[in-house]
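J.: I'd like to ask some things about the structure below.
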Amino acid sequence: MAGSWDGSYDPGSQSDDSHHFDRLHIEPLYDAFVCPLTKQVMRDPVTLENGQTFEREAIEKWFKECRESGRRLVCPLTQKELKSADLNPSIALRNTIEEWTTRNEAAQIDMARRSLNMNSSEDDVLLSLRFIQRICQKNRSNKHVVRNADLIPMIVDMLKSSSRKVRCKALETLLAVVEEDEDNKAILAEGDTVRTIVKFLSHEQSKEREEAVSLLYELSKSEALCEKIGSINGAILILVGMTSSKSENISTVEKADKTLENLEKCENNVRQMAENGRLQPLLTQILEGPHETKHSMAAYLGELVLNNDVKVHVAKTVGESLINIMKSGNMQSREAALKALNQISSFDASSKVLIEAGILPPLVRDLFTVGANQLPMRLKEVSATILSNVVNSGYDVDSIPIGPDHQTLVSEDNVRNLLHLISNTGPPIECKLLQVLVGLTNSPTTVLNVVAAIKSSGATISLVQFIEVPQKDLRMASIKLLQNLSPHMGPELAEALRGTVGQLSSLIRVISENTGISEEQAAAAGLLAELPERDVGLTRQMLDERAFQLIISRVVKIKQGDIRGIRFVTPFLEGLVRVLARVTFVLSDEPDAVALCREYGLAALFVDLLQTNGIDNVQMVSAAALENLSLESKNLTRLPEMPLPGFCATIFPCFSKQAVITGLCRVHRGTCSLKESFCLLEGQAVHKLVALLDHTNAKVVEAALAALSTLLDDGVDIEQGVSVLCEAEGIKPILDVLLEKQTENLRRRAVWVVERLLRNDDIAYEVSGDQNVSTALVDAFHHADYRTRQIAERALKHVDKIPNFSGIFPNMG
């Protein structure tokens with residue numbers, strides 16, 4: 001076969017192997033057909049004045065070179081000078097060549113048909129494909145010939161060849177066959193051909209991928225084929241991936257990108273592109289498309305799952321357009337826009353973009369509007385969700401006017417409207433609106449407005465009642481809201497919890513759930529922790545409901561590492577410890593509280609919690625609880641029973657001998673223990689409290705110092721308390737606290753403790769030489785409050801910095 005092929009008679013084709021092929025002759029190849037310059041069959045023969053004939057393109061190039069080099073015009077064959085460069089078309093010769101070519105091509109096409117099958121050799125198939133490619137590139141009319149010869153299906157079959165070379169050449173040939181030919185593209189659209197081409201996009205061999213992309217790009221110029229390509233599973237996904245690939249060559253990436261641009265003619269393709277990460281076509285349709293297209297694309301945008309960076313880009317690109325649709329469209333269009341805005345607003349940064357684009361006023365209006373134009377409840381739920389998202393984004397919504405007279409979302413009327421909606425809608429909307437209030441109460445600039453509206457509308461009890469609802473999201477939103485309100489409405493919330501059956505129990509039940517540590521549990525613990533700690537009625541109710549036992553169990557399990565939930569463990573533990581500490585504020589009023597502390601060893605637990613490094617609030621609250629417990633020690637210590645004197649001793653007292661009782665507490669003068677009387681002398685409590693005096697948080701230092709000061713309180717042996725602090729190496733840290741004077745409260749407490757320490761002569765003597773301590777006491781004497789100045793004066797007398805006149809002048813009472 002190789003000996004019968006026509007080589008290349010295309011002067012523009014210089015690099016084909018077919019130069020080496022013989023020609024299949026139906027009739028001889030006449031020398032007159034061949035250009036003397038190109039040695040190839042002429043397509044546009046022209047004759048010079050001397051009668052010599054050349055290919056037009058070749059002789060024009062010859063003349064140009066002569067002029068550019070300054071040579072005279074000569075005939076390339078005779079080398080004789082020409083008077084004129086005129087070229088006369090050889091029409092008869094051209095027609096003869098065309099007829100000869102047509103007859104030869106017909107024979108060669110027939111040969112190609114016989115070679116295009118799986119039984120032919122690789123060389124024969126490649127020769128056939130090259131020939132078909134060449135004749136299609138040479139003349140567009142040959143594409144009609146190839147189509148009528150039914151060669152297109154045969155070329156397609158070659159895509160299944162086991163030879164990589166054949167597959168690549170088949171793709172390349174198909175491109176030549178269909179280029180700028182709609183009829184041939186229509187044939188290629190039949191059956192599974194396009195699916196087969198798409199499969200090459202994910203092929204390992206880059207050459208096949210490149211040829212497949214080039215072919216798809218050409219096919220995508222046909223609108224009918226755009227839908228066909230997009231309907232093939234994975235086609236758009238792969239093309240989108242190729243456009244962002246760093247391993248593909250630039251040409252392939254550009255072709256893939258242009259193919260996708262062509263595929264944008266079909267709306268379904270635009271949706272697929274968006275789903276696979278190429279969002280811009282969809283956004284462009286929302287911005288520039290026809291009315292119906294805008295709304296259908298907005299609806300689809302609402303169904304997509306977008307990553308956060310993309311949400312910001314979408315908000316910046318089409319946020320304003322979606323808001324306009326939401327404001328002015330029909331109900332169907334508004335629904336589409338709301339769903340898209342709901343998707344976009346679920347990230348804080350994109351929510352802020354939407355706020356700046358003006359989403360708040362129409363959103364609030366949609367929620368509050370009643371009557372003919374009001375949104376159905378399902379869309380009000382979407383609006384409430386968007387409002388919750390934007391309010392919780394951290395943007396200062398109080399700066400955005402949403403009504404007449406510069407009203408904002410936290411104006412009392414608007415908060416009242418939100419509360420009214422909460423009371424008159426179903427759980428889904430209630431949940432979102434409660435989350436709106438959570439967002440408003442998260443900000444210190446807006447929480448007081450919400451508190452005022454709740455108080456004035458009498459909504460406290462209705463909000464507390466949500467603690468009992470079965471819907472977890474709704475319950476959690478209500479608990480988080482109440483937690484935010486509790487620092488500002490503690491007494492009101494405590495009263496509501498006490499006065500309503502089941503609410504407190506529900507709150508405790510949430511805390512005690514054994515499902516790890518959830519956000520809801522942390523919020524519930526935080527809510528209880530913020531309620532007034534000295535509310536005896538609430539503590540009494542918690543004792544009756546055995547709440548403290550459940551909380552103790554949770555704290556112990558967290559300390560032991562038995563509870564999962566790292567994310568919320570810190571706020572949960574802080575809340576639990578604060579709730580547990582409230583039992584120490586009612587010890588003098590509630591015998592059951594004392595019994596609870598003894599039974600469960602709360603003093604030891606709080607001592608252990610002092611070492612919860614990294615959680616300052618736990619350390620601070622534990623120290624404060626130990627202060628409360630230690631203050632009760634002098635009331636709970638068992639004083640020794642002295643033995644009655646004998647008969648002789650009663651008559652002759654000189655014969656009596658003072659009984660000696662060992663094992664008594666040095667400070668409380670009775671029988672003490674950490675468990676029974678909460679005495680700090682046990683369990684290394686004093687040492688651990690002293691260690692906290694070096695803490696960086698002034699509140700922790702103050703709580704630790706307050707607990708230690710109970711060892712120097714009235715009613716205990718102060719001298720022995722000083723000794724205990726000396727043994728625990730606590731004197732210097734206490735003096736350092738005085739010197740650092742971080743806060744006024746801390747200075748007040750430190751001056752009190754130092755004055756008690758200086759009652760010990762040895763300490764007073766040693767401190768008297770420390771100018772820094774004297775300066776600190778003098779500063780307190782001059783600048784502190786009245787009571788602290790009095791205490792500082794006594795302290796200065798102990799170190800002889802102020803004369804003690806009580807020893808000079810007798811009491812003149």
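The values are calculated or read from the model by the stated rules, or taken from the named source; none is laboratory data. Note that the coordinates shown come from a computational prediction; the quantities given were computed from them, not determined experimentally. In this analysis, Cβ positions are derived from the backbone assuming ideal geometry, glycine residues included, and neighbour counts consider all displayed protein chains. Note: areas computed on protein heavy atoms with side chains; ligands, DNA, RNA excluded. Shrake-Rupley method; radii C 1.70, N 1.55, O 1.52, S 1.80 Å.
J.: List the residues of the stretch 208-250 whose backbone N lies under 18 Å from a point placed 7 Å from the Cα of E122 along the Cα-to-Cβ direction.
T.: What the label zone holds, given the 18 Å backbone N cut-off, is 208-209.
J.: Could you work out how far helix 331-344 tilts from the main Cα principal axis of the chain, as a 0 to 90 degree angle to the nearest 10?
T.: Relative to the chain, helix 331-344 is tipped by roughly 70 degrees.
J.: Mind giving me the nanometre distance, one decimal, between the label points for M331 and R498, set 7 Å out from Cα along Cα→Cβ?
T.: Output for this residue pair reads 5.0 nm.
J.: Here is a follow-up. Order these peptides, 197-208, 668-679, by their mean beta-carbon neighbour count within 10 angstrom, highest first.
T.: 668-679, 197-208
J.: Using 1/(1 + (r/R0)^6) with R0 = 60 angstrom and r between the beta carbons of R759 and I461, what's the FRET efficiency to the nearest 0.05?
T.: Details: r = 54 Å, r/R0 = 0.90.
In this case the efficiency is close to 0.65.
J.: Something else now. Treating the angle as unsigned and between 0 and 90°, give the value, to the nearest 10°, between the Cα long axis of helix 472-499 and the longest Cα principal axis of the chain.
T.: The helix 472-499 is inclined about 20 degrees to the chain.
J.: Using the structure shown, select from K265/K327; K352/K699; K199/K316 the pairs with a Cα to Cα distance greater than 31 angstrom. Could you put the intermediate results ahead of the total?
T.: Working: K265/K327 29 Å; K352/K699 36 Å; K199/K316 37 Å.
Those over the limit are K352/K699; K199/K316.
J.: With the Cα gyration tensor of the stretch 729-812 giving a ≥ b ≥ c as the square roots of its eigenvalues, does the rule (a/c under 1.5 for rounded; else a/b larger than b/c for prolate; else oblate) give rounded, prolate or oblate? Walk me through the numbers on the way to the answer.
T.: Numbers: a/c = 2.07, a/b = 1.36, b/c = 1.52.
Oblate shape, in that a/c is at least 1.5 and b/c is the bigger or equal ratio.
J.: Could you work out how much longer the chain between D413 and R666 gets when fully extended? Use 0.36 nm per residue separation minus the Cα distance between them, nm to one decimal.
T.: Gain on stretching D413 to R666: 84.7 nm.
J.: What are the residues whose amide H is under 5 Å from the amide H of T671, where those residues sit 5 or more places off or on another chain and H is modelled from the backbone?
T.: Those qualifying (amide H under 5 Å, at least 5 residues apart or on another chain) are R638, L639, C665.
J.: For K732, list the aspartates and glutamates whose Cα falls under 13 Å from its own Cα; do not include residues on the same chain fewer than 8 positions away.
T.: D694, E740, E766, D770
J.: Still on this structure: Measuring from centroid to centroid over Cα atoms, what is the spacing of the stretch 703-736 and the stretch 60-96 in Å?
T.: 119 Å
J.: Still on this structure: Just round it to a whole percent: the fraction of Cα-Cα distances in the stretch 458-606 exceeding 29 Å.
T.: 11 percent
J.: If you don't mind, there's one more thing I want to ask. Gain in length, Q79 to S163, computed as 0.36 nm per residue apart minus the alpha-carbon separation, to one decimal in nm? If you can, show how the numbers build up before the last one.
T.: Details: separation 84, 0.36 × 84 = 30.24 nm, distance 5.08 nm.
Between Q79 and S163, full extension yields 25.2 nm more.
J.: Helix-only estimate, please: 222 nm mean residue ellipticity of the chain, summing -39500 (n - 2.57) across DSSP H runs of length 4 or more and dividing by its residues, to the nearest 500. It would help to have the intermediate numbers written out before the result.
T.: Values: 42 runs with 505 residues, N = 813.
The helix contribution divided over the chain gives -19500 deg cm²/dmol.
J.: Can you give the Rg/Rh ratio of the stretch 24-95, where Rg is from the C-alpha atoms and Rh is the Kirkwood radius?
T.: Details: Rg = 13.0 Å, Rh = 12.9 Å.
Here the Rg-to-Rh quotient is 1.01.
J.: I want to check the label-to-label distance for A452 and N249. Put each point 7 Å from Cα in the C-beta direction and report it in nm to one decimal.
T.: Going from the A452 label point to the N249 one covers 7.2 nm.
J.: Could you state how much accessible area K339 has, in square angstrom rounded to the nearest 10, with a 1.4 Å probe and all protein chains kept in place?
T.: Per-residue accessible area (K339): approximately 90 Å².
J.: While we're on this one: Tell me the label-point distance for the pair R71, T743, using the 7 Å Cα-to-Cβ offset, in nm and rounded to one decimal.
T.: Spacing of the two 7 Å Cα→Cβ label points: 10.2 nm.
J.: Next question, about the same structure. Excluding ligands and nucleic acids, what accessible area in Å² is computed for I508 using a 1.4 Å probe, to the nearest 10?
T.: Here the accessible area works out near 10 Å².
J.: How large is ³J(HN,Hα) for each residue in the stretch 683-699, as worked out from phi by the Karplus curve 6.51 cos²θ - 1.76 cosθ + 1.60 (θ = phi - 60°), to whole Hz, x for Gly and Pro?
T.: Values per residue, Gly and Pro as x: x, 6, 4, 4, 4, 5, 5, 4, 4, 6, 5, 9, 5, 7, 8, 4, 5 Hz.
J.: Based on alpha-carbon centroids, what's the gap between the stretch 423-483 and the stretch 156-185 in Å, whole number please?
T.: 67 Å
J.: Return one number: the angle in degrees, 0 to 90 and rounded to the nearest 10, between the long axis of the Cα atoms of helix 616-636 and the longest principal axis of the Cα atoms of the chain.
T.: 20 degrees
J.: Another question, if that's okay. What's the FRET efficiency of K732 with K559 using the Cβ-Cβ distance as r and R₀ = 30 Å, to the nearest 0.05? Working shown, then result.
T.: Details: r = 31 Å, r/R0 = 1.03.
Computed FRET efficiency for K732 and K559 comes out at 0.45.
J.: For the ranges 514-524, 542-552, 71-81, what's the packing order if you count other beta-carbon atoms within 10 Å of each residue, average per peptide, and put the highest first?
T.: On the way: 514-524: 19.5, 542-552: 17.6, 71-81: 12.0.
Put in order of decreasing packing, that is 514-524, 542-552, 71-81.
J.: Using a Förster distance of 30 angstrom, determine the FRET efficiency expected from the C-beta separation of N88 and K39, and round it to 0.05.
T.: On the way: r = 22 Å, r/R0 = 0.74.
For R0 = 30 Å, the calculated efficiency reads 0.85.
J.: Of the heavy-atom accessible surface of the chain (probe 1.4 angstrom), what whole percent is carbon and sulfur? Numbers along the way, then the final one.
T.: On the way: 18650 of 38590 Å².
C and S fraction of accessible area: 48 percent.
J.: Express the accessible area of the chain per residue in Å², computed with a 1.4 Å probe while the remaining protein chains stay in the model.
T.: Each residue of the chain exposes 47 Å² on average to a 1.4 Å probe.
J.: Next up: Just checking my list (i) 2, 10, 15, 20, 18, 12, 8, 6, 5, 2, 1, 0, 0; (ii) 2, 10, 12, 12, 11, 10, 9, 8, 7, 6, 5, 4, 2, 1, 0, 0, 0, 0; (iii) 2, 13, 21, 23, 18, 12, 5, 2, 1, 1, 0, 0 against P(r) over Cα pairs in 10 Å bins from 0, in percent computed from this structure; which label fits?
T.: So the calculated entry is the one marked (ii).
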